[in-house]
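Before any comments, here is the structure.
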Amino acid sequence: MGIEGERWLQGQAFAKVNLHLSVGSRRPDGYHDIASLFQLVSLADDIGLYVRPAGEFSCVIESQTAMGAPELNTMYRGARLFSQKAGIALAVRITCVKRIPMQAGLGGGSSDAATVLRLLDRLFPHALDRGSLERIALEVGSDVPFFLSGTPAAFVSGRGECVQGLPPRADLTALIVMPSTFTVSTAQAFDQLDKLRERQAERQAEPGRSPQLKFDQVRAAFASPCGSWPFFNDFRAVMGVHEKWYRALDQVVQAGNGCFGTLSGSGAAYCCVGGYAPDVLQCGQNIALNCQNHTQFMIKCLQDAQSDGSVPVYR
């Protein structure tokens with residue numbers, strides 16, 4: 001039942017996969033510079049946003065999935081910052097149907113926050129300029145600027161604020177493989193990677209990182225056949241006891257016909273991408289036969305900026 005004066009919008013928050021991820025050293029501010037290739041995919045959460053005027057800001061999040069303390073949620077933080085920066089006191093209610101696995105490296109929380117910001121911007125189109133929205137996005141999380149940009153494929157650098165669009169590909173199909181027995185904390189993965197590199201420096205060993213690819217290199221490689229992609233993910237160095245599981249996936253993908261497989265983000269999800277859908281489907285079938293304890297999501301790589309399909313309703 002709606003509340004008098006309440007307005008609402010709904011939209012989809014699409015996931016991403018990192019087809020490439022090079023991680024730099026820890027910066028003085030605690031963040032890391034990255035060089036990454038983000039690809040938007042069709043796996044999505046459904047977000048509903050309900051707002052009404054209020055004496056002070058409040059936010060309630062309703063979801064079928066336990067999401068912890070609301071104040072720590074990316075959607076709550078995005079709504080609060082929008083309200084503060086715009087100078088509009090709002091009572092906000094957010095509904096979220098979760099489909100994107102959490103702690104998977106698929107950007108679900110960041111995409112949810114970007115969708116809330118985008119919907120608020122549509123409800124209050126003159127409240128903030130684009131630069132203010134982008135600054136809020138970066139304050140909420142390093143992946144949020146990419147999702148706010150609406151760019152389907154991009155080279156993302158800095159700590160996530162530099163989003164350079166790439167020519168999208170219409171032929172890409174993907175398979176996400178999510179382990180059912182473990183997840184990966186992004187903060188812990190960064191900490192483990194820093195500690196690994198510190199130990200290697202103490203031993204005067206080669207640092208645990210690969211040569212960083214530049215924008216032009218990533219753009220050229222992304223346009224080439226998937227089986228020839230030179231992309232990598234630095235977080236593979238800290239998968240520890242789970243590395244055997246990822247190595248088994250690598251072997252299945254590499255034995256296929258021209259597909260590419262990689263860890264997405266800091267994990268735990270693994271992504272297989274190909275330019276011919278039957279090849280990706282075959283990889284999925286082979287993975288099901290050879291790798292245990294996982295869930296598969298057959299998805300599309302999105303090739304244009306997706307409209308959230310939101311329609312305002314006034315009560």
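The values are calculated or read from the model by the stated rules, or taken from the named source; none is laboratory data. Everything numeric in this text was worked out from a predicted model, so none of it was measured. When we count neighbours, we look across all protein chains shown, and the Cβ atoms used for this are built from the backbone with ideal geometry, even at glycine.
Before moving on, here are some points about what is shown:
- Taking the listed residues Val218, Val273, Val280, Val241, the one that is aliphatic (A, V, I, L, M), modelled with pLDDT of 95 or more and touching a helix residue (DSSP H, G or I) at 6+ places or on another chain (Cβ under 6 Å) is Val273, with no other qualifying.
- Qualifying position, being in a loop (DSSP other than H, G, I, E, B), at pLDDT 95 or above and not aliphatic (A, V, I, L, M), among Pro211, Pro230, Pro207: Pro230
Listed here are the residues, each with its yes/no results for (1) part of a strand (DSSP E or B); (2) surrounded by 21 or more Cβ atoms within 10 Å (Cβ to Cβ); (3) free of Cβ contacts under 8 Å to residues at least 60 places away in the same chain.
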{"site": "Gly5", "(1), (2), (3)": "no, no, no"}
{"site": "Leu9", "(1), (2), (3)": "yes, yes, no"}
{"site": "Val17", "(1), (2), (3)": "yes, yes, no"}
{"site": "Ser25", "(1), (2), (3)": "yes, no, no"}
{"site": "Ser36", "(1), (2), (3)": "yes, yes, no"}
{"site": "Gly55", "(1), (2), (3)": "no, no, yes"}
{"site": "Val60", "(1), (2), (3)": "yes, no, yes"}
{"site": "Gly68", "(1), (2), (3)": "no, no, yes"}
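- Residues within the stretch 216-228 that are of a type outside the set (Asp, Glu) and exposed (fewer than 15 other Cβ atoms within 10 Å of the Cβ), tallied: 5
- Residue within the stretch 64-71 that is closer than 24 Å to Phe190 by Cα and charged (D, E, K, R) present: yes
- Residues in the stretch 141-193 that are in a helix (DSSP H, G or I), surrounded by fewer than 22 Cβ atoms within 10 Å (Cβ to Cβ), under 14 Å from the mean Cα position of the chain (by Cα) and free of Cβ contacts under 8 Å to residues at least 40 places away in the same chain: Ser149 only.
- Members of the stretch 70-95 that are outside any strand (DSSP E or B) and among the charged types (D, E, K, R): Glu71, Arg77, Arg80, Lys85
- Any chance Ala220 is without any contact (Cβ under 8 Å) to a residue 60 or more places away in the chain and within 18 Å of Leu37 (Cα to Cα): yes
- Filtered residue count, the stretch 250-276, keeping only those that are in a strand (DSSP E or B), in contact (Cβ under 8 Å) with a residue 24 or more places away in the chain and under 27 Å from Leu193 (Cβ atoms): 7
- Residue check for Met75: modelled with pLDDT under 95, assigned by TED's automatic domain parsing to the domain that holds Asp121 and crowded, with 16+ Cβ neighbours inside 10 Å: no
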